[in-house]
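Presented below is the structure to which this report refers.
Since every read-out is calculated from the coordinates, none of them should be taken as a lab result. Computed from a predicted model, the values in this text were never measured in an experiment. Cβ placement follows ideal geometry from the backbone for every residue including glycine, while neighbour counts extend to all protein chains displayed.
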Amino acid sequence: MEKKPKPTFYVTTPIYYVNDIPHIGHAYTTIIADALARYQKLKGKKVFFLTGTDEHGQKIEKAASEKGLSPKELADQVVVRFKKLWQELNVSYNYFIRTTEKIHQEGVQKIFNQLLDKGDIYKGVYQGWYCISEENFLSEDVPVEEDGYKICPDCGRKATLLEEESYFFRLSSYQKPLLDFYSSHPKFVRPQSRMNEVVSFVRHGLKDLSITRTSVRWGIPVPGDSRHTIYVWFDALHNYITGVGYGWNQELFETYWPADVHLIGKDILRFHAIFWPAFLMAAGFPLPETVLSHGWWLKDETKMSKSKGNVLDPYFIMEKVGGEALRYFLLREVPIGQDGSFSHEGFIHRINSDLSNDLGNLVQRTLTMVVNYFSGELQTPGEEKELDRQLSSLFEVTRDRVIAFYDDYSINRALEEIWAFLNSTNKYLADNEPWKLAQRIEERSRLARILYQALCAIRASSYLLYPVMPETAEKIWSAMGEDKKPGQVLITQFNFYGLKPGQKVKKPRALFPRVELKEFIGGIKKSTIAEESSRKQEVKMDLVSFEEFKKMDLRVAKVLTAERVPGTNKLLKLQIDLGNEQRQIVAGVAETYSPEDLVGKEFIVIANLQPAVIRGIESQGMLLAAEVEGQAIIPFFDREVPPGTKVK
Ligand SMILES: [Zn+2]
């Protein structure tokens, strides 16, 4: 059934929990939301984009008291960091909702009362296994362990058996309405695999949901029964309506609700795809269009988490390459819904190949030719030939595909299309060789056409790129002498031949200077990435040819001296003898070997590995070791071998 397009678009991110500082995962969700918001504005929609912070609950109370702060003070500090990051990433949200705001608290209490009157909320006694870390009762099907406890499947911590008076939401009454809703809205949850998960969970039956606590003080009080505070999820989820005017700006609320898309990480799917629509049904609100669940960013194949110390700091990356490159990488690298793996190699490849080469050089080169051959003034182009027309018709096709992909939330596919078109533009220039035509005076008008055509193509691709890289698109347009910004032109009004002869162009500074891997490795201690992980990524699981293997210079090394690297538990600094030279290496083996264990021992090192700086100490090689449960075990020789002997 084809629905009439709505004139508005409402997109949300989850509200972020303030016990954590902003990391790449937060940035990812928020950048997706921003790209969608900007795209919908290009389509002429009125857009509302909501983000914010979740500030209640036991974990916040605990984190704050550990820092000697009140929970609100802690939240205030973290909010500043989120807002600063969104500003630097050019995130165009309309409202930043905080669950400690009066408008939110009053809205939640109002709905609570309404559902209480209606009988969808009632008072009872809850007994269950509770994970303090997740602030969540474990699901009933988690088995009891031999010691009589349940282990939280999410964090692995021992759960606590709790019994307390609690208000319940009558979730069990909504099993059938939810299933009916899913079957009439098969795209409510995307991707499809997640929808299937949700349906199967609900089919197994739903139990009523405990939604208040007497054990937690830091929360919204239950109206008229202040011994209870409202459990964080009932509180938090309602931000999507209080943040858009519910209870304080009815006109705003009616303009934008229901949301078009709630962006979420897959770990909070159940709350958004089951509880949230049930709460809304109970209160009589229309339901959101789509819950779009994205995957996690893994660092070198492991999930980033604070406890593993491998969380990527977006500031560190932005310092090196800028926010635009980060936006591009995150949205280009993986389809929304799948997990992405962040490696510095992959990141650098995207920047150097896609941004610096395909896009940056194209812009730079073309504008430079206009500056050099025509003193920077766009000329009236000569006659349009078949080759030129091919480029403009290719754009029509590209634009339609890009629109379809953006509409389908397949941003990575949209970017693929844009890049294919950039490559065709590069090929157009290579085929037409304007630099040769420039040497022949009789070809001036042909030369003018080719440069005009190429600039139109660049202007058009940067227009399509605008939702993902707004600042880059604006820079390109301004270098072409456009007075409008790409964000001010509607898609329906966009014209490939929008450039006017007489327009003055200027040579821009390089948009994306190339970056080198060592810039990232050298700065690694400044970031929060564990120092070991950058070394681990040298290991690739692909097959190598014998030729490639031979490139590795493996040698027998004898340890002359060994000492701990101060301030670390893992690292030893070793002086080694390689036969005809001595070297220094830093090795992550201190948890397995003490310095005196190693002096006089021989092992294998990769002698021609690029030196790395670890904790400020240069390491000129790496020893080989097996890793067993985080412990490095070094293979030693069963007899004395002359230092420097080649291993093959
Ligand atoms: Zn847990």
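Quick rundown of the values:
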| item | result |
| --- | --- |
| Which of E443, E251 has the fewest Cβ neighbours within 10 Å, and the rest in rising order | E251, E443 |
| For D431, D20, D54, order by how many other beta-carbon atoms lie within 10 Å, fewest first | D431, D20, D54 |
| Efficiency of FRET from Cβ geometry, K601 and K551, R₀ 22 Å, rounded to 0.05 | 0.25 |
| Sequence-distant residues sharing a close amide H with L312 (under 5 Å, placed H) | I24 |
| Euclidean distance between Cα centres, the range 376-418 to the range 591-644, Å | 54 Å |
| Charge sum, other residues only, whose C-beta stays under 9 Å from Q127's C-beta, Lys/Arg counted +1 and Asp/Glu -1 | -2 |
| Helix-only [θ]222 nm of the chain, DSSP H runs n ≥ 4, -39500 (n - 2.57) each, per residue, nearest 500 | -11500 deg cm²/dmol |
| Positive minus negative residues near V47 (Lys, Arg vs Asp, Glu; Cβ under 9 Å) | +4 |
| Sorted peptide list for 148-157, 217-226, 631-640, 9-18, criterion being average Cβ within 10 angstrom, highest first | 9-18, 217-226, 148-157, 631-640 |
| Karplus-derived 3J(HN,Hα), 6.51/-1.76/1.60, for each residue of the range 230-240, Hz, glycine and proline x | 7, 4, 3, 6, 5, 5, 5, 4, 5, 4, 5 |
| Packing-based exposure ordering (other Cβ within 10 Å, fewest first) of D388, D267, D483, D577 | D483, D267, D577, D388 |
| Backbone HN-Hα couplings from phi across the range 405-421 [Karplus 6.51/-1.76/1.60, Hz, Gly and Pro as x] | 5, 4, 4, 8, 6, 9, 5, 4, 5, 4, 5, 4, 5, 4, 5, 4, 5 |
| Of K427/K484; K62/K102; K427/K506; K573/K646; K320/K551, those spanning more than 25 Å from alpha-carbon to alpha-carbon | K427/K484; K320/K551 |
